Amino acid sequence: MRVAFDARDAHRPPLRGWGRYAAELERALPAFVGLEALRDGGWGPETLFEQVRLPRLLRRSKPDLVHSTNCFLPLRRPCPGVVTVHDLAFEEHPEDFSRETGAKYRFFTPRAVRSAERVICVSRFTADDVCARYGVPEERVRVVPNAPALAMGDAPPSPGGYLLAVGDVRQKKNLDRLVEAWRQAGTERRLVIAGLGSGPWPDVETTGFLDDAHLDALLRGADLLVHPSLYEGFGLVIVEAMARGVPVACADATALPEVAGGAAELFDPLDVEAIAAAIGRALARRDELSHLGRERVAGLSWERTARETVAVYEEALAA
């Protein structure tokens, strides 16, 4: 089987969740299929490549199948197509997207998933959302989970005594409530927020963007990862923390409880007092949650994700 694989997001630093997904699959899939990784869309708007130049390329190279790793499957193509949808945040939280980006996602994603021979979603939550919003038959949608993707280094971890949140300063990340809850919890630990942007919190440490080595060290040194996001299609940082034995408290919302798999303290992300209480409970259960988290991620690997992705390819070819 030869697969044309849209790997552009894997080669656009800094990597976000969908970029790590494309990068890890680009590395893992060649053990199972012949992979033609498309790393550069060339000149001009992305849509021109995705909907015009890519179909022409497919007609010339004649792969068995094309896999779009983030929503933008060519609507007209000479071979079967698989599309991955990570989440529908552009529908639920349009304020977090530029006008042009949001419009592009809202126009092409429903058309891509309806035209695809198979749709891959990274969580059951996202799969159900895609089916409900866009009317995609459940039998054409498959759930293939992510796995930890951040390399673990051997540098000393950051000095401890802090709670950590990872995420951009955007409305859906819910960081204002987290800061308020941290103040209420009175843990005598610092709060560190790692990600693009900075908020109006003079008593909170914000790091800005961190490269992988520094983010890894920051995760390994944390007493607790707190992830209060209102909307996630997976929540990769949860499994990154668990892989390092860092206990987790996260929102009981969207895909997060599914990904946590019973190995985290859950809380109502809209209730500041509930967040504060969950922080206290998680710190009291640090050793237990560390053990549960490692157990939770033990079965997740990019080899497994690649194998399950290839099974979806085989279904798409047989459809």
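Being modelled with pLDDT of 95 or more and surrounded by fewer than 18 Cβ atoms within 10 Å (Cβ to Cβ) is true for just one of 74, 78. Which residue is that?
78
Go through (1) surrounded by 20 or more Cβ atoms within 10 Å (Cβ to Cβ); (2) in contact with a helix residue (DSSP H, G or I) (Cβ under 6 Å, 6 or more places away or on another chain); (3) among the aliphatic types (A, V, I, L, M) one by one and return the number of the condition residue 150 breaks.
(1)
Looking at 277, 319, 284, which is the one that is at pLDDT below 95 and out of contact with any Phe, Trp or Tyr (no Cβ under 6 Å at 6 or more places or on another chain)?
Details: 277 fails: at pLDDT below 95; 284 fails: at pLDDT below 95.
None of the other options fit; the residue is 319.
Just to be sure I understand the filter: pairs with C-beta atoms under 7 Å, separated by 6 or more residues or on different chains, first member in the stretch 153-176 and touching a residue at least 60 places away in the same chain (Cβ under 8 Å) and closer than 17 Å to residue 204 by Cβ, second member surrounded by 14 or more Cβ atoms within 10 Å (Cβ to Cβ) and of a type in the set (Lys, Arg). Which pairs pass?
Once the first residue is touching a residue at least 60 places away in the same chain (Cβ under 8 Å) and closer than 17 Å to residue 204 by Cβ and sits in the stretch 153-176, its partners that are surrounded by 14 or more Cβ atoms within 10 Å (Cβ to Cβ) and of a type in the set (Lys, Arg) give 161/189; 161/190; 162/189; 162/190; 163/189; 167/173.
Can you name the residue in the stretch 258-274 that is touching a Phe, Trp or Tyr at 6+ places or on another chain (Cβ under 9 Å) and within 24 Å of residue 128 (Cα to Cα) and, of all such residues, is surrounded by the fewest Cβ atoms within 10 Å (Cβ to Cβ)?
Top of the filtered list is 258.
Can you go through 280, 293, 233, 299 and tell me which one is small (Gly, Ala, Ser), in contact with a helix residue (DSSP H, G or I) (Cβ under 9 Å, 6 or more places away or on another chain) and not in a helix (DSSP H, G or I)?
None of the others qualify; the one that does is 233.
Which of the residues that make up the stretch 115-137 are surrounded by fewer than 17 Cβ atoms within 10 Å (Cβ to Cβ), in a helix (DSSP H, G or I) and in contact with a helix residue (DSSP H, G or I) (Cβ under 8 Å, 6 or more places away or on another chain)?
If the condition is that a residue be surrounded by fewer than 17 Cβ atoms within 10 Å (Cβ to Cβ), in a helix (DSSP H, G or I) and in contact with a helix residue (DSSP H, G or I) (Cβ under 8 Å, 6 or more places away or on another chain), then 124, 133 are the ones that fit.
Yes or no, residue by residue, for (1) assigned to a loop (DSSP other than H, G, I, E, B); (2) touching a Gly at 6+ places or on another chain (Cβ under 9 Å):
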position	(1), (2)
4	no, no
15	yes, no
29	no, no
37	no, no
44	yes, no
77	yes, no
87	yes, yes
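The values are calculated or read from the model by the stated rules, or taken from the named source; none is laboratory data. No experiment lies behind these values; they were computed from the predicted model shown. Reconstructed Cβ throughout: ideal geometry from the backbone, glycine too, with neighbour counts over all protein chains shown.
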